[in-house]
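Here is the structure we will look at, set down as structure tokens.
Laboratory data are not the source of any read-out in this text; all were calculated from the coordinates shown. The model shown is predicted, which means the values in this text are computed figures rather than measured ones. When we count neighbours, we look across all protein chains shown, and the Cβ atoms used for this are built from the backbone with ideal geometry, even at glycine.
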2 protein chains.
Amino acid sequence: MARAATTSDIFNAIAEPRRREIVDLLARGYCRDVSELVRKLKLPQPAVSKHLRVLRTVGLVTVHKAGQRRLYELNVDELKPVHDWIQHFEQLWTDHLAGIKETAETTARDLAARNRSAPGHQHDSKE
Amino acid sequence: MARAATTSDIFNAIAEPRRREIVDLLARGYCRDVSELVRKLKLPQPAVSKHLRVLRTVGLVTVHKAGQRRLYELNVDELKPVHDWIQHFEQLWTDHLAGIKETAETTARDLAARNRSAPGHQHDSKE
DNA sequence: ATATTATATTCCTATTAGGGAATATGTCAA
DNA sequence: TTGACATATTCCCTAATAGGAATATAATAT
């Protein structure tokens, strides 16, 4: 079934490095039109347009016409889900890290114990 | 040329929803062995093992053996690049949003000016 | 009108993803 | 040993990716 469509999932949309570069450039306020992106990214124009299409489809960018150019604008809000997801690991790589490791080892010991007594299935989820 | 390999790029590794679920479960300290993941995710065991392999390859998880089980541990540090990338949009979706929009319009005006003088084209105002 | 510039789309293709099924490997128990 | 369990790997399949080349569409200039 292949991967989730890049055109329907933000996580997939930003999985492509070029598209992240585009997002970066747009975030800085540079490169509002396609030609400039082409120049900076040193990619063929069709490639850039195609990436922009993906970004448009997931709603990460919006366009408005300015003469024969298309000015692209970043819609940062669409990155929220990624932010939120990554956010809840925040604590894990700060001081909590040590604590987590400890928990892990404890759990490991628990499991071992459980296995010794109840071989096979008997791992209920604690909560 | 297809996409970047899920096995070499963190962004691709976490693009797959199931893998994110696995990461979530591991982060909480639940589901340290494969069977438990299988049960919670309601996925066939080979599928889970395959996802775990991807996560292992990018370094997001590590395994250690505990009897016939494999205990998986999350290596949160590998999420740092994602965190860092998303981080620098932080300001954009708070109060800075308005400011950014303004900047955008200014840039548009700049572009118009540059076009008038240089590459022989213009596209004034916007919209 | 035609030419030129800016951008988007289509077609083609090699590569890959991830599910399913079957099988292999590894570990423990009787 | 055999057998049950836990996990990993392999093979096959279909869908979808992203690049390249060519072309289409749109706006502007002359």
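How far is it, in nm, from the label point at residue B:45 to the one at residue A:24 when both lie 7 Å from their Cα along the line to the Cβ?
4.4 nm
So if R0 is 45 Å, what FRET efficiency would residue B:63 and residue A:56 give, r being the distance between their Cβ atoms, rounded to the nearest 0.05?
0.65
Would you tell me the mean number of C-beta atoms belonging to other protein chains that fall within 10 Å of each C-beta in B:46-55, as a whole number?
Rounded to a whole number, the mean comes out at 0.
Residue by residue through B:6-13, how many Cβ atoms from other chains fall within 10 Å of the Cβ on average?
3
What are the nm distances, shortest first, from residue A:28 to its equivalents in the other copies, labels at 7 Å along Cα→Cβ?
Nearest to farthest, the other copies are at 4.0 nm.
Using a 7 Å offset from Cα along the direction of the beta-carbon, what are the separations from residue B:81 to the same position in each other copy, nm, ascending?
2.2
Could you tell me which residue out of B:44, B:26, B:12 lies farthest along the dipole of segment B:1-67 toward its positive end? Charges go on the beta carbon: Lys and Arg +1, Asp and Glu -1, centred on the Cα centre.
B:44
Which distances, shortest first and in nm, link residue B:70 to the matching position in the other copies, using label points set 7 Å out along Cα to C-beta?
Spelled out, the distances from residue B:70's label point are 4.4 nm.
Which cross-chain or sequence-distant (5 or more) residues have an amide H under 5 Å from the amide H of residue A:67, H modelled 1.01 Å from N in plane?
none
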